[in-house]
Amino acid sequence: MITPVPLLSKDQINRLPERAQEVVEYRKSGLSLNHIQGCSLGCAYCIRHTYGLWDANQPVALMSDAQAVEELVSHRYFQPHVTPVQLFNRATEPFLPKVRPHTFAVLEDLDERELTNHVLVITRHQLKPYDIDRLNQLRHLKVTLLFTYSGIDNEKIEPYPSHVAADSLKLMSAPSVRKYRTVLYWRPLVPGLNDTDEHLAAAHELSKHADATVFTGLFYRAQIAEYYKANGIPEPYDNTARRKIVPETLERRVLDAFSHSSALFRKTSCAVSYAHGLPDYNGHYGIRELCDICPLSQLELCAGAHWTPTVEDVHQVASVLPEASNLKVVDITERAVVVSGLETEQPRYFLQHALRFQVHDERHPHHANRHGRADIGWKETSA
Ligand code: SF4
């Protein structure tokens, strides 16, 4: 097998930050595979800051693609045909020229196993016509390309220009018949930086090419805030937050700018599911206020798939996970199951995808109308 990026030795891997050594990790929108790490694009808000990998600006491999796929499909969190998978969404760019062969090797390996799972591939890189042909050869996987586009033109924040992602989105969306789906991943939206009426109009224009559009804010975590300060980049907020930040007034303006669009979503899983003609795999339908911008046909699809699990259902699904042995179901409503006793977020995402129903942690209550976003920029509302 071709290995265009260098393979690290065991010693080198052991010296990586602990979380970076974890090649399979559950993140909110899916089980994430990250055996290639390192990226040269240098976006200031990159999540690599939070994994101790910011200095890794060239891709390296922690194992072969075949081994990585084996780790993924044999992982206790992986359920064939059910678990949404995200490829290289944490530490590298899947279409960097050196990484691209690995991206295709993984997709093709999974597809040869006749798996029908969702696979999300997030990119801002230049794509080529031969990427269309190669992706069209996949027969089973439900592949979605999400094009990260912000319209930010401050090179300190995004050295790699946003128009490349816009062009890639147009290229990849152009074929009328294709096996994969395209999403305009409009992010990060930051007040005062890329939220003028012109920015909103440009995103709206671009969204016409995509199968669906998601808008979302900035993960402004402590490590990213430090980097902003150290590099003299204007700080967008006074506070950092666990969740992504989209202030209320900005959301209103986005909805107004897209008032004639029928494929705008607040949640990644909603956009991806819609693009494939399927109900939301994260079961957001119970959070009714999320769905007020959703096309009617999609609402009906999600309504038809919606159910409310019982306490027994939750425990039964959790019984395969040793780390869920202290799980307690605190409450179940039509919106979500509220649980306690889970040390990390990963098993909660497993439960959510296995149940296709929202599972919230008692320690992190969700507020009405805030759609799982950070509190910054929202007026007080009751939970
Ligand atoms: S109906 Fe609601 S849950 Fe389903 S895709 Fe639309 S917004 Fe998401």
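The values are calculated or read from the model by the stated rules, or taken from the named source; none is laboratory data. Please read all numbers here as calculations on a predicted model, not as lab measurements. So basically every Cβ, Gly included, is an ideal-geometry build from the backbone, and we count neighbours across all protein chains shown.
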Residue ID - nearest to Q86 (Cα to Cα), chosen from residues in the stretch 263-315 that are more than 22 Å from the chain's Cα centre (by Cα) and among the β-branched types (V, I, T)
V314
Answer residue from the stretch 293-304, given it is out of contact with any strand residue (DSSP E or B) (no Cβ under 6 Å at 6 or more places or on another chain) and within 8 Å of the ligand (Cβ to nearest atom) and is farthest from R335 (Cα to Cα) among those
P295
Is it true that S340 is loosely packed, with under 14 Cβ neighbours inside 10 Å, modelled with pLDDT under 95 and not hydrophobic (A, V, I, L, M, F, W, C)?
no
Considering only the stretch 275-288, state which residues are out of contact with any Ser or Thr (no Cβ under 9 Å at 6 or more places or on another chain) and near the ligand (Cβ under 6 Å from one of its atoms).
Y285
For T92, state whether it is closer than 23 Å to H276 by Cα and either of a type outside the set (A, V, I, L, M) or not assigned by TED's automatic domain parsing to the domain that holds C39 (or both).
no
Residue selected from the stretch 262-288 under the condition basic (K, R) and in contact (Cβ under 8 Å) with a residue 60 or more places away in the chain, by the criterion nearest to L120 (Cα to Cα)
K267
Is it fair to say V329 is without any contact (Cβ under 8 Å) to a residue 24 or more places away in the chain and either assigned to a helix (DSSP H, G or I) or away from the ligand (no atom under 11 Å from the Cβ) (or both)?
yes
Looking at the stretch 22-58 only, could you name the residues that are of a type in the set (S, T, N, Q) and either outside the structural domain of D109 (by TED's automatic domain parsing) or at pLDDT below 90 (or both)?
S29, S40, T50, N57, Q58
If you scan the stretch 256-266, which residues turn out to be closer than 17 Å to F147 by Cβ and within 11 Å of the ligand (Cβ to nearest atom)?
A263, L264, F265
Restricting to the stretch 305-326, name every residue that is within 20 Å of G277 (Cβ to Cβ) and either more than 16 Å from the ligand (Cβ to nearest atom) or of a type outside the set (G, A, S) (or both).
H306, W307
